[in-house]
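Following: one structure in structure tokens, then a few remarks.
The values are calculated or read from the model by the stated rules, or taken from the named source; none is laboratory data. The structure presented is a predicted model; accordingly, all values stated were derived computationally and were not measured. Please note: Cβ atoms are built from the backbone with ideal geometry, for glycine as well, and neighbour counts cover all protein chains shown. Surface accessibility is based on the protein's heavy atoms, side chains included, excluding ligands, DNA and RNA. Shrake-Rupley method; radii C 1.70, N 1.55, O 1.52, S 1.80 Å.
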Amino acid sequence: MDILIQQLFNGLTIGSVYSLVALGLTLVYGILHIPNFAHGALYMLGGYITLSMMTLYGVNYWIAMFVSVIVVGLLGVLLERFVFRLLREAPPLHDKIAAIGILLFLEAFAQFVWGADFHTMTSPYGQVVNFMGLTFTLQRLLIIVSAIAVMVLLYLFLKKTYTGSTIIAMSQSREGASLVGININKVAMLTFMISGGLAAIASSLASPINLVFPGMGHLVILKAFVIIILGGMGSIPGAIVGGYILGFSESLGATYISNDYKDIIAFILLVVILTVKPTGLFAKGER
Amino acid sequence: MIALIIFAFSFPFIAQNDYYLHMLTLSFIWAIAVYGINLLSGYTGYLSLAHAGFFAIGAYSLGLLTVKAGMNFWLALVTACLITCAIGFLIGLIALRTKEHFFAIYTLCVGYIIYLVIDKWEGLTEGVRGLIGIPAPGNIGPIAFDTAASQYYLVLIFLLAVILIVYRIIRSLTGRTYMAIRNSEDLAQTIGISTMKNKLTAFVLSTFFAGLAGALYASFIRFIGPDIGSTAIMFDLLMYLLVGGIGTLSGPLVGTLLLVILSQNLQFLQEYRMLIFGPLLTIIIIFYPRGISGAIFDWQNKRKVNKRSKVRNEIHMKAEEG
């Protein structure tokens, strides 16, 4: 029983990270219809920037994370402005390929700057907490709490602010939004900024319990795609729920099935879903 | 065209050392796989990200059949292609029900599953240690393939055959059907084309080429590891295709030769070559969506049109004078 609860807790931790990454991915897809394969590279860069800020400049964990969010967010803006905007009228194949080009570049860049080694990030919250016979590190607790806080903030931003409603408007109809005077280019850049920021938060939170290396975004992004298909491409609640479902199934699968094959679970899940329903679960009709 | 083929055949006599020959043979092998991706992605419009996986299936089938089962090389080559096709058929049957982004993501995940299975299934594939001691191509009667030049010719002949097959396909009604599906699948269906059947044949054919390339690769390098099925290889292949020109006949060959030679000459960059190739890929897709071959094609067409309109103008002028 203890193992089960412990694993559920782990699932909650991993699920929080997945949800954050998938949220950024689904925002960009829902609003701009771009499956951003480079999102994993943004996640990876976020981890590296936080790490460098902490080791090189000795900055506090939270400030380092803040810098990382800003830098990666701005990078997202640049990508929208100089790559994806130029491809807005192109066939859908081209976005994907451009994103892959960016992914390859950013990975080589990280390897060039920081080397191919694995780095560990130390967190100020390494303490172990005992609670009713369960042990967990404070960092894991922090991941869950911060992720949920970020999700709530994002929800409030989208629902309660004017800027947020322009984003929602554009996700519903691009033409309609532009007709009522919404600046589409601005909203597109803002979306990419939020998406990059979410990826940076996710990697900064997750890095202390994982490792930082150039390929760290690979598996995460693949799983994030699984999640947004699971939750319906472009759906925000879907991304959150899907993230937790995957987190739980992975941590339980690792314990009760096989630790070696735990990474395969997500992909088998996707293959099964798309086999049964080729447009993804909870698809909202044609895009 | 003929001059190019003559040059390709005389290359072993011109080349000063085996290194160039080796490099060229390798790029021909990659080109075969890229032709496969082009048939599916370029002509039928379905971006598959699983082809490194099929390449690996072809390579491992040949490797396992010859090393572990001790099968005759040529029989193993045919069987390896058939195995790849069979797996391709099953995956295609399911994958092709999805469209656009879903198809790309689905195949990306399939590719990753193939990679993970090869990597983890140590009992069969030797896992990360890889498979060693794969034999070179066996003799055909009196012809032996023990020198670099003879292997070069073997791969060259396979490549020419592949190009010929692709050429025949895209010039035939089948090829037109593929392009119709690419341009508008709904329309193609409306005018009575069985889209699923056509997509599936395109998919199986393209996995056949990938498997053939993989099998040739295994017998040429004589060693394979799970890395040949990784997403890194997939992105390499995709890059060759895009730089050369997606949906053009010469594109795969142009792109593969150019990029393989370029990256061989940029040896000092090795790990960092993507610093150059990544942005290159993005720029090409923005400004030259049909790659180098496509750009040259468009430029020639434009010149022809200009020339024609010039002649027409002159005729008009003369008519007015007369």
Some residue of the stretch A:117-140 being open to solvent by less than 30 Å² (accessible area, probe 1.4 Å) and closer than 22 Å to B:Pro279 by Cβ: no
Failed condition for A:Ala147, given (1) more than 10 Å from chain B (Cβ to nearest Cβ); (2) out of contact with any Leu (no Cβ under 6 Å at 6 or more places or on another chain); (3) not basic (Lys, Arg): (2)
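Being closer than 17 Å to A:Leu274 by Cβ and more than 9 Å from chain A (Cβ to nearest Cβ) is the filter; apply it to the stretch B:104-125 and report the residue that is most open to solvent (accessible area, probe 1.4 Å).
If we filter the stretch B:104-125 for residues that are closer than 17 Å to A:Leu274 by Cβ, which is where we start, we get B:104-114.
Retained after the next criterion (residues that are more than 9 Å from chain A (Cβ to nearest Cβ)): B:107, B:111, B:114.
Details: B:Thr107: 1, B:Gly111: 7, B:Ile114: 23 Å².
Applying the filter and picking the extreme gives B:Ile114.
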Residue match in the stretch A:44-63 (condition: under 29 Å from A:Ala188 (Cα atoms), within 14 Å of another protein chain (Cβ to nearest Cβ) and assigned to a helix (DSSP H, G or I)): yes
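Where in the stretch B:1-105 are the helices (runs of 4 or more DSSP H), entirely inside, with at least 3 residues that are of a type outside the set (S, T, N, Q), touching a helix residue (DSSP H, G or I) at 6+ places or on another chain (Cβ under 6 Å) and within 15 Å of B:Phe220 (Cβ to Cβ)?
Working: elements: B:2-14, B:18-37, B:51-67, B:73-95.
Filter on the stretch B:1-105 gives B:18-37, B:51-67, B:73-95.
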B:Ile284, sole failed condition from (1) more than 18 Å from B:His51 (Cβ to Cβ); (2) aliphatic (A, V, I, L, M); (3) part of a helix (DSSP H, G or I); (4) away from chain A (no Cβ under 14 Å): (4)
Qualifying residue in the stretch B:29-50 (condition: under 16 Å from B:Pro137 (Cα atoms) and touching a residue at least 60 places away in the same chain (Cβ under 8 Å)): yes
Selected residue (only one of B:Phe55, B:Phe73 is open to solvent by less than 10 Å² (accessible area, probe 1.4 Å) and of a type in the set (Phe, Trp, Tyr)): B:Phe55
Cβ pairs under 8 Å, 6+ apart, first in the stretch A:258-280 and over 11 Å from B:Leu116 (Cβ atoms) and more than 9 Å from every other protein chain (Cβ to nearest Cβ), second open to solvent by less than 30 Å² (accessible area, probe 1.4 Å) and modelled with pLDDT of 80 or more: A:Leu269/A:Val226; A:Leu269/A:Leu230; A:Leu269/A:Leu246; A:Ile273/A:Ile229; A:Ile273/A:Leu230
Cβ pairs under 7 Å, 6+ apart, first in the stretch B:150-163 and at negative phi, second outside any helix (DSSP H, G or I) and among the aromatic types (Phe, Trp, Tyr): B:Gln151/B:Phe145; B:Leu154/B:Phe145
Count of the stretch B:212-244 residues which are within 10 Å of B:Ala59 (Cβ to Cβ) and β-branched (Val, Ile, Thr): 3
Residue check, B:Tyr240 among the aromatic types (Phe, Trp, Tyr) and buried (at least 20 other Cβ atoms within 10 Å of the Cβ): yes
Meets criteria (within 12 Å of chain B (Cβ to nearest Cβ) and hydroxyl-bearing (Ser, Thr, Tyr)) for A:Ser203: no
Count of residues meeting criterion [within 14 Å of another protein chain (Cβ to nearest Cβ) and either in a helix (DSSP H, G or I) or among the hydroxyl-bearing types (Ser, Thr, Tyr) (or both)] in the stretch A:1-41: 10
Among (1) assigned to a helix (DSSP H, G or I); (2) farther than 24 Å from B:Gly130 by Cα, the one test that B:Ala232 misses: (2)
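Kindly indicate which of A:Gly243, A:Gly215 is open to solvent by less than 20 Å² (accessible area, probe 1.4 Å), out of contact with any Pro (no Cβ under 9 Å at 6 or more places or on another chain) and within 25 Å of B:Thr231 (Cα to Cα). Talk me through it step by step, then tell me what you get.
On the way: A:Gly215 fails: open to solvent by less than 20 Å² (accessible area, probe 1.4 Å).
It is A:Gly243.
Based on this model, can you work out whether A:Ile70 counts as within 19 Å of the chain's Cα centre (by Cα) and not in a helix (DSSP H, G or I)? Walk me through it before giving the result.
Details: within 19 Å of the chain's Cα centre (by Cα): yes; not in a helix (DSSP H, G or I): no.
For A:Ile70, the condition - within 19 Å of the chain's Cα centre (by Cα) and not in a helix (DSSP H, G or I) - is not met.
Against the condition assigned to a helix (DSSP H, G or I), out of contact with any strand residue (DSSP E or B) (no Cβ under 8 Å at 6 or more places or on another chain) and surrounded by fewer than 18 Cβ atoms within 10 Å (Cβ to Cβ), how does B:Ile292 come out, does it pass?
On the way: assigned to a helix (DSSP H, G or I): yes; out of contact with any strand residue (DSSP E or B) (no Cβ under 8 Å at 6 or more places or on another chain): yes; surrounded by fewer than 18 Cβ atoms within 10 Å (Cβ to Cβ): no.
Criteria not met by B:Ile292.
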Filter result for the condition that a residue is within 18 Å of the chain's Cα centre (by Cα), crowded, with 17+ Cβ neighbours inside 10 Å and under 30 Å from A:Lys277 (Cβ atoms), over A:Ala169, A:Ala202, A:Ala177: A:Ala202
Flag for A:Ala169 being over 30 Å from B:Met239 (Cβ atoms), more than 14 Å from chain B (Cβ to nearest Cβ) and modelled with pLDDT of 90 or more: no
Hits in the stretch A:208-234 - residues which are at pLDDT 85 or above and of a type in the set (Gly, Ala, Ser): A:Ala224
When residues of the stretch B:76-99 are limited to those that are in contact (Cβ under 8 Å) with a residue 24 or more places away in the chain, within 14 Å of chain A (Cβ to nearest Cβ) and open to solvent by less than 10 Å² (accessible area, probe 1.4 Å), the one nearest to B:Leu205 (Cα to Cα): B:Gly92
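Conditions (1) in contact (Cβ under 8 Å) with a residue 60 or more places away in the chain; (2) out of contact with any helix residue (DSSP H, G or I) (no Cβ under 7 Å at 6 or more places or on another chain); (3) of a type outside the set (A, V, I, L, M), marked per residue:
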{"residue": "A:Ile143", "(1), (2), (3)": "yes, no, no"}
{"residue": "A:Thr161", "(1), (2), (3)": "no, yes, yes"}
{"residue": "A:Gly164", "(1), (2), (3)": "no, no, yes"}
{"residue": "A:Ile168", "(1), (2), (3)": "no, no, no"}
{"residue": "A:Asn185", "(1), (2), (3)": "yes, yes, yes"}
{"residue": "A:Gly197", "(1), (2), (3)": "yes, no, yes"}
{"residue": "A:Val212", "(1), (2), (3)": "yes, no, no"}
{"residue": "A:Gly217", "(1), (2), (3)": "yes, no, yes"}
Considering residues of the stretch A:71-88 that are more than 8 Å from every other protein chain (Cβ to nearest Cβ), aliphatic (A, V, I, L, M) and touching a residue at least 12 places away in the same chain (Cβ under 8 Å) only, the residue surrounded by the most Cβ atoms within 10 Å (Cβ to Cβ): A:Val72
Residue ID - nearest to the other protein chains (Cβ to nearest Cβ), chosen from residues in the stretch A:89-121 that are in contact (Cβ under 8 Å) with a residue 40 or more places away in the chain and in a loop (DSSP other than H, G, I, E, B): A:Ala116
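Check whether at least one residue in the stretch B:259-279 is under 30 Å from B:Thr177 (Cα atoms), open to solvent by less than 10 Å² (accessible area, probe 1.4 Å) and in a helix (DSSP H, G or I), and report yes or no.
Filtering the stretch B:259-279 for residues under 30 Å from B:Thr177 (Cα atoms) gives none.
No.
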Test for B:Ser61: is it small (Gly, Ala, Ser), more than 10 Å from chain A (Cβ to nearest Cβ) and more than 21 Å from A:Leu270 (Cβ to Cβ): yes
